[in-house]
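As structure tokens, the structure follows; a few thoughts come after it.
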Amino acid sequence: MKKRLFLILLVLLPLLNKAGSGILSDLEEKMEIYSVMNLSGFGLSDEAYRLALKGFEKLKAEGKLLNSSILTIIDFSQSSSRKRMYVIDLVKKALLYNTYVAHGRNTGEEYAEKFSNESGTFKSSMGFFITRNMATGAKVGLSLILQGMERGYNDKALQREIIIHGADYVTESFIRKNGRLGRSLGCPSLPPDLIKPVAETIKEGTCLFIYYHDDNYIRKSAVLN
């Protein structure tokens, strides 16, 4: 009996090693995208990318992503005068969009500093979201619905109507005049001419990570831990 088990292990071990190395190389390949695509040159921090990828992999493993080829990162550690939204195709290894994105009016002026999950705060929320369907409203026009995946950090996004929409205060002309972007009521707002193509690209089940370095969040996030 022992001899038979030993022979079975001899057969299976190379297969298991091959499968394990395949999983590892896939993750390593995604990690290398940061340097291969020179994302640091576009302003995206290494930590923001690493955390985004870690959460992305967990949501993917849990079957929560309907589209696991696209990863969107909003790096709110940067000035609002920078293009701090990154839509990355992990399969094609391409940066599809790198554009401006506004934060909430009570989150900060040029820089994002304060975040909330509560209605009426007019603050942005950090953490992992999954994109849902597109919609059209009387106030903001075309938008993309977001579902927050982290209790206490962004799980009230649907209730708060935190959506991605276009806004005329998210333009280079506004930056030239004011030194920064305008601010939303908590939504990650985009340039008016980009809301449709970006929403079409990331809609219906892709991962969105809103990053800001916060030790407490990194330590307690259910998606990261």
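Roughly how many nanometres apart are two label points built 7 Å out from the Cα toward the Cβ at K177 and M31? Those two pseudo-labels are separated by 4.6 nm.
With 21 Å as the limit on Cα-Cα distance, the pairs of K58/K83; K54/K93; K60/K203 that go past it are K58/K83. In order along segment 96-108, the Karplus-derived 3J(HN,Hα) couplings, from 6.51 cos²θ - 1.76 cosθ + 1.60 at θ = phi - 60°, round to 6, 9, 9, 9, 6, 8, 8, 10, x, 4, 9, 7, x Hz, and Gly and Pro are given as x. Listed peptides 93-100, 182-189 appear in the order 182-189, 93-100 once ranked by packing, highest mean of other Cβ atoms within 10 Å at the front. Share of pairwise Cα-Cα distances greater than 23 Å in segment 98-225 is 28 percent (whole percent). Note: relative contact order over segment 114-225, using C-alpha pairs below 8 Å and six or more positions apart, is 30 percent.
Here each label is just a point 7 Å from Cα along the line to Cβ, and for D215 and K92 those points are 4.1 nm apart. Across all C-alpha atoms in the chain, the radius of gyration and Dmax reach 19.8, 80 Å.
Every number in this text was worked out from the coordinates using simple rules, so none of it is lab data. Just so it is clear, the model here is predicted, and its values are computed rather than measured. Glycine gets a Cβ as well: all are built from the backbone with ideal geometry, and neighbour counts include every protein chain shown.
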